[in-house]
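**Q** Sharing a structure with you now.
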Amino acid sequence: MDEQQDHQTLLDLVKELVHRLNPSTATTTTQFAQSLKYATRILASRMTPSIAADESAMAESIKRSLVNEGNSSGALAFADLYTKFSSKSGFGTIKNKWAVLYLLKVVAEDRKAAKKSNSRASSGLFASTVCGGLPVVFDEESGGAKKVLDRNRSGSNGVLLVSKDSENFREIAVREYGDLVREESEVSEGVLVRDVLYACQGIDGKYVKFDKNFDGYVLLDSVKVPRAVRVMVRKVCELGWLFMKVRDHVSESMDRFPAEDVGTIGQAFCAALQDELSEYYKLLAVLEAQANNPIPMVSEAGNSGNYLSLRRLAVWFAEPVVKMRLMAVLVDCCKVLRGGAMAGAIHVHAQHGDPLVQEFMRQLLRRVCSPLFEMVRSWVLEGELDDIFGEFFILGQPVKAESLWREGYRLHDGMLPSFISQSLAQRILRTGKSINFLRVCCEDQGWAVAAEEAAAAVGTTTKRYGLGYGETDALEALIAEAAKRIDRHLMDVMYKQYKFKEHCLAIKRYLLLGQGDFVQYLMDIVGPELSEPANTISSFKLAGLLESAIRSSNAQYDDADMLDRLRVKMMPHGTGDRGWDVFSLEYDARVPLNTVFTESVMGRYLRIFNFLWKLRRVEHSLIGAWKTMKPNRITSNFLTKQEGSIKFQFVSTLRRCQVLWVEMNHFVTNLQYYIMFEVLEVSWANFVDEMESARDLDDLLAAHEKYLQSIVEKSLLGERSQTLCKTLFLLFDLILQFRSHADRLYEGVHELQARTAVSALSSQGRTKTRQKQNDESSWGGGGRKALTKLAGEFLQTIGQDLEKISKDYSSSLEGFIAQLPMQQHVDLKFLLFRLDFTEFYSRLRLGK
């Protein structure tokens, strides 16, 4: 009873408010009832404003509306009133001024809309829509009905809400809305839902079909539906377009397999996509079952049942659309990719901030990268390159055993996925190469034990498909441990089983002439043979002389296998070449040593040998010249029997010859010391240290290359020392010419001595016999006077030749010394210091 009195009191207050707002006496009962109905609608409204609560913006909007209507005076009046209204503050003033302004604006717009509405807008839900979106609570035919007003304490700004009365006006409004929708739609929502489900399977429906021009599924233009429904259908059908793209790629790729452009990684990618499509098919099956249930009206009690509308379908498809869109992107970027390149491209899309995308990509990549990681495991632990379709980032090619390490395998950067770094890829490459080198070149199987120990040390299984995407740390640990153990085993095999250090020492002793007694004896016994024309020398005879030199020196105590590898080699020769020009030694480095001592490396050793052999030949020639030149009885007897001019000429020639020998011997001795100690021994000591610290075969190859290059550069055989090397070999040729002239000089003296003794014989017959022999010699016949004349001419010729050699030698030596400071290698400064330690040549050059 009290509640009815309160409601009646509230209704009386509303009537009094309407009466005061319409004080005109001309107001009819009908107009008053309409005004009361309108006021009640406003107070009963549950709709929330869709704009932000901005008081100033609302005031400006009202002023612009008045100006646009041409009511400028009204706009000015409103501005003045608003200024006074907004300035009011304190107790008893309106706090929510924006709500008041908004109410005034809505009322004004409702009045304008009421004037423009047609007869259809007289009542019901449509009338409320025209009049500002306020719900209809009172109906003209139900005048006098009971209205219940209640204050919404959960709302804001003191909005009054009208509760549902016994006539259920809300249900009437919903029914009218349904009628309106049915009038605007030719097709029911249930039919559209089923067509959309067909489209999401790549099948044309009755009203939703694939449009090639639009490149997607659209609702036929001939079908009359609200624009919002058409947009919703188009949005939901995006999933069907994405599905078709993914499905077509999977079908096409699987049809082409086992084509090389698909490969195992491409097949794994398609299999992962197919699994996702299978889950998608399961979802569609569930949704199709729900689509069979009728869609209830909003007013029905069972509106929360198990049915499927377009909006519910959009919610169901929210996650599948994300996945399908991502798969479509992957399909587009992987169309022209394969192998590791495909895995790397997919990995790039996994770098995403959405946890859903991250988890989806992680599962997808684990499937896609499974063949790739199996290739890595097989290569690192077994040395097997199981890559039929060329998808792995390591390429192999058939080569000879000696080229296996350098040329057999290499990285293919185009197939290297982005989640494997370049340094890790290099370690993977070297580990598999080490296994193949041990298996093929060394015929060793110990690598298998090392691989198993490595896997056990890091706690990784050696079984197939034991590693996968996301286990990069485990992969790196396995590779690091496997590389360390297998490389260590490889170095042990090279050092212990194949005696790599001992072979390097043997090459140093025999090809780099480090075994002095052997070299000296060899040069003594092959010298006469090598003085002959090259085309007359037998290599078999030289091989026998080499064997004799080995047995006659300390070389006989070396390893027999290494001595058997040392052989004589005759280089190609031309017309006029002597044996000295074509003789050389070679060392037969068999597998696996020929991985280090390759054909090109042995060619550089041969070049060094030729240089050292010529240097030893020059030294040997100077020693031979000294043996001939040293004071002896023949020269003494010759000097005591000669006249003053001949004696002076002979002494002068001997002096010139000995001085020139001293200069040449100084140069050769210091150059020999520099080569043997500053170059060969220092380089060897550094090489031994680096051999001890080498961790793998690459380190060993690099150390040997550095050792060999150091010898080549310091010995003036490098590319940057070509000019200096030519000058050096010119000096060698001048020294050999000097030896020839010195031999001629002392042979001539010996001939003169013998000729003088013959001329003293009294027997004419014996004299004639000797004269006949002398006619065949270089001296000719004649008496003592003739011999004296011939001796003077001979000494003059020899003196001129020696003088020419001396000038050429001095000029070449000065040029050689002048070029040494310009060489880039710092060790050549030691050679300059030894050759010119008294600064004699420097002062001589400055004096000129």
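The values are calculated or read from the model by the stated rules, or taken from the named source; none is laboratory data. Please read all numbers here as calculations on a predicted model, not as lab measurements. Note: ideal-geometry Cβ built from the backbone for every residue, glycine included; neighbour counts use all protein chains shown. Just the protein is used for accessible areas: all its heavy atoms, side chains included, with ligands, DNA and RNA removed. Shrake-Rupley method; radii C 1.70, N 1.55, O 1.52, S 1.80 Å.
**Q** Taking region 338-372, which residues are outside any helix (DSSP H, G or I), within 20 Å of residue 395 (Cα to Cα) and either of a type in the set (S, T, N, Q) or open to solvent by less than 50 Å² (accessible area, probe 1.4 Å) (or both)? Steps first, please.
**A** As a first pass, look at region 338-372 and keep what is outside any helix (DSSP H, G or I): 338, 350-354, 369.
Restricting the remaining residues to those that are within 20 Å of residue 395 (Cα to Cα) gives 338, 369.
Selection gives 369 alone.
**Q** Scan region 656-665 and give yes if some residue there is modelled with pLDDT of 90 or more, polar (S, T, N, Q) and in a helix (DSSP H, G or I), otherwise no.
**A** Yes, because at least one residue in region 656-665 is modelled with pLDDT of 90 or more, polar (S, T, N, Q) and in a helix (DSSP H, G or I).
**Q** Further question on the same structure: Pick out the one residue from 768, 804, 772, 848 that is out of contact with any Gly (no Cβ under 6 Å at 6 or more places or on another chain) and at pLDDT 65 or above.
**A** 804
**Q** Another question, then. In the same structural domain as residue 733 (by TED's automatic domain parsing), surrounded by 12 or more Cβ atoms within 10 Å (Cβ to Cβ), among the small types (Gly, Ala, Ser) and at pLDDT below 80: which single residue out of 781, 815 fits that description?
**A** Details: 815 fails: at pLDDT below 80.
Just one listed residue meets the conditions, 781.
**Q** Does residue 457 fit the bill of being farther than 30 Å from residue 261 by Cα and open to solvent by 30 Å² or more (accessible area, probe 1.4 Å)? Steps first, please.
**A** Working: farther than 30 Å from residue 261 by Cα: yes; open to solvent by 30 Å² or more (accessible area, probe 1.4 Å): yes.
Taking the combined requirement at face value, the residue satisfies it.
**Q** Further question: For residues that are open to solvent by 50 Å² or more (accessible area, probe 1.4 Å) and of a type in the set (Lys, Arg), scanning just region 35-73, find the one that is modelled with the lowest pLDDT.
**A** Among them, the one singled out is 46.
**Q** Would you pick out the residues in region 552-562 that are over 27 Å from residue 533 (Cα atoms) and over 46 Å from the mean Cα position of the chain (by Cα)? Lay out the reasoning, then the answer.
**A** Of the residues in region 552-562, the ones over 27 Å from residue 533 (Cα atoms) are 553-562.
Of everything in region 552-562, those that are over 27 Å from residue 533 (Cα atoms) and over 46 Å from the mean Cα position of the chain (by Cα) turn out to be 553, 554, 555, 556, 557, 558, 559, 560.
**Q** Just a yes or no: is a residue in region 552-573 farther than 19 Å from residue 620 by Cα, open to solvent by 70 Å² or more (accessible area, probe 1.4 Å) and in contact with a strand residue (DSSP E or B) (Cβ under 6 Å, 6 or more places away or on another chain)? Even if it seems obvious, please write down each step before you answer.
**A** Step one: filter region 552-573 for residues farther than 19 Å from residue 620 by Cα, giving 554-573.
Remaining after also requiring open to solvent by 70 Å² or more (accessible area, probe 1.4 Å): 554, 556-557, 564, 567, 569, 572-573.
Still in the running and in contact with a strand residue (DSSP E or B) (Cβ under 6 Å, 6 or more places away or on another chain): 567, 569.
Scanning region 552-573 turns up at least one residue that is farther than 19 Å from residue 620 by Cα, open to solvent by 70 Å² or more (accessible area, probe 1.4 Å) and in contact with a strand residue (DSSP E or B) (Cβ under 6 Å, 6 or more places away or on another chain).
**Q** Given the criteria open to solvent by less than 40 Å² (accessible area, probe 1.4 Å), within 26 Å of residue 715 (Cα to Cα) and outside the structural domain of residue 404 (by TED's automatic domain parsing), does residue 584 qualify? Full working, then the answer.
**A** Values: open to solvent by less than 40 Å² (accessible area, probe 1.4 Å): yes; within 26 Å of residue 715 (Cα to Cα): yes; outside the structural domain of residue 404 (by TED's automatic domain parsing): yes.
Spelling it out, residue 584 is indeed open to solvent by less than 40 Å² (accessible area, probe 1.4 Å), within 26 Å of residue 715 (Cα to Cα) and outside the structural domain of residue 404 (by TED's automatic domain parsing).
**Q** Take the residues in region 391-418 that are in a loop (DSSP other than H, G, I, E, B) and open to solvent by less than 30 Å² (accessible area, probe 1.4 Å); name whichever of them is nearest to residue 487 (Cα to Cα).
**A** Within region 391-418, the first condition is being in a loop (DSSP other than H, G, I, E, B), and the residues that meet it are 391-393, 397-400, 408, 412, 416-418.
Those left that are additionally open to solvent by less than 30 Å² (accessible area, probe 1.4 Å): 391-393, 408, 417.
Working: 391: 26, 392: 23, 393: 21, 408: 18, 417: 25 Å.
Selected residue: 408.
**Q** Which residue pairs have Cβ atoms closer than 7 Å, lie 6 or more positions apart in sequence or on different chains, and pair a first residue in region 652-668 that is under 14 Å from residue 736 (Cα atoms) with a second residue that is open to solvent by 60 Å² or more (accessible area, probe 1.4 Å) and assigned to a helix (DSSP H, G or I)?
**A** Taking only residues 6 or more apart or on different chains, the pairs are 661/626.
**Q** Filter the strands (runs of 3 or more DSSP E) completely within region 138-248 down to those with at least 3 residues that are at pLDDT below 65.
**A** Values: elements: 149-151, 160-162, 208-211, 216-219.
Here the list reads 149-151, 160-162.
**Q** Identify all residues within region 587-606 that are surrounded by 15 or more Cβ atoms within 10 Å (Cβ to Cβ) and either touching a Pro at 6+ places or on another chain (Cβ under 7 Å) or not in a loop (DSSP other than H, G, I, E, B) (or both); write none if there are none. Spell out the reasoning first.
**A** Here is the first cut: in region 587-606, the ones surrounded by 15 or more Cβ atoms within 10 Å (Cβ to Cβ) are 587, 589, 591-598, 601-602, 604-606.
Within region 587-606, 587, 593, 594, 595, 601, 602, 604, 605, 606 qualify.
**Q** On the given criteria, is residue 796 at pLDDT 75 or above, within 60 Å of the chain's Cα centre (by Cα) and either open to solvent by 30 Å² or more (accessible area, probe 1.4 Å) or not assigned by TED's automatic domain parsing to the domain that holds residue 725 (or both)?
**A** Details: at pLDDT 75 or above: yes; within 60 Å of the chain's Cα centre (by Cα): no; either open to solvent by 30 Å² or more (accessible area, probe 1.4 Å) or not assigned by TED's automatic domain parsing to the domain that holds residue 725 (or both): yes.
When the stated conditions are applied, residue 796 does not pass them.
**Q** Does at least one position in region 297-311 carry a residue that is open to solvent by less than 60 Å² (accessible area, probe 1.4 Å) and assigned to a helix (DSSP H, G or I)? Talk me through it step by step, then tell me what you get.
**A** Taking region 297-311 and keeping what is open to solvent by less than 60 Å² (accessible area, probe 1.4 Å), we get 302-303, 305, 307-310.
Okay, now just the ones that are also assigned to a helix (DSSP H, G or I), so 310.
There is at least one residue in region 297-311 that is open to solvent by less than 60 Å² (accessible area, probe 1.4 Å) and assigned to a helix (DSSP H, G or I).
**Q** Could you tell me whether region 428-436 includes any residue that is outside any helix (DSSP H, G or I), at pLDDT 90 or above and in the same structural domain as residue 467 (by TED's automatic domain parsing)? Break it down into steps so the answer makes sense when it comes.
**A** Restricting attention to region 428-436, the residues satisfying the condition of being outside any helix (DSSP H, G or I) are none.
Looking for residues that are outside any helix (DSSP H, G or I), at pLDDT 90 or above and in the same structural domain as residue 467 (by TED's automatic domain parsing), one finds none in region 428-436, hence no.
**Q** Pick out the one residue from 222, 251, 188 that is hydroxyl-bearing (Ser, Thr, Tyr), within 20 Å of residue 287 (Cβ to Cβ) and surrounded by fewer than 18 Cβ atoms within 10 Å (Cβ to Cβ).
**A** Numbers: 222 fails: within 20 Å of residue 287 (Cβ to Cβ); 251 fails: within 20 Å of residue 287 (Cβ to Cβ).
Checking each option against the conditions leaves just 188.
**Q** I'd like to verify a number: residues in region 542-581 that are in a helix (DSSP H, G or I) and more than 27 Å from residue 732 (Cα to Cα), how many?
**A** To start, the set of residues in region 542-581 that are in a helix (DSSP H, G or I) comprises 542-551, 554-557, 560-564, 579-581.
Remaining after also requiring more than 27 Å from residue 732 (Cα to Cα): 544, 547-548, 550-551, 554-557, 560-564.
Final tally of qualifying residues: 14.
**Q** Taking region 254-267 on its own, how many of its residues are of a type in the set (A, V, I, L, M, F, W, C) and either open to solvent by 50 Å² or more (accessible area, probe 1.4 Å) or outside any loop (DSSP other than H, G, I, E, B) (or both)?
**A** Of the residues in region 254-267, 3 are of a type in the set (A, V, I, L, M, F, W, C) and either open to solvent by 50 Å² or more (accessible area, probe 1.4 Å) or outside any loop (DSSP other than H, G, I, E, B) (or both).
**Q** Just wondering, is there one or more residues in region 507-518 that are surrounded by fewer than 17 Cβ atoms within 10 Å (Cβ to Cβ), closer than 29 Å to residue 675 by Cβ and at pLDDT 90 or above?
**A** At the first step, the residues of region 507-518 found to be surrounded by fewer than 17 Cβ atoms within 10 Å (Cβ to Cβ) are 516-517.
Filter again for closer than 29 Å to residue 675 by Cβ, leaving 516-517.
Applying the additional criterion that residues be at pLDDT 90 or above yields 517.
The answer is yes, given that some residue of region 507-518 is surrounded by fewer than 17 Cβ atoms within 10 Å (Cβ to Cβ), closer than 29 Å to residue 675 by Cβ and at pLDDT 90 or above.
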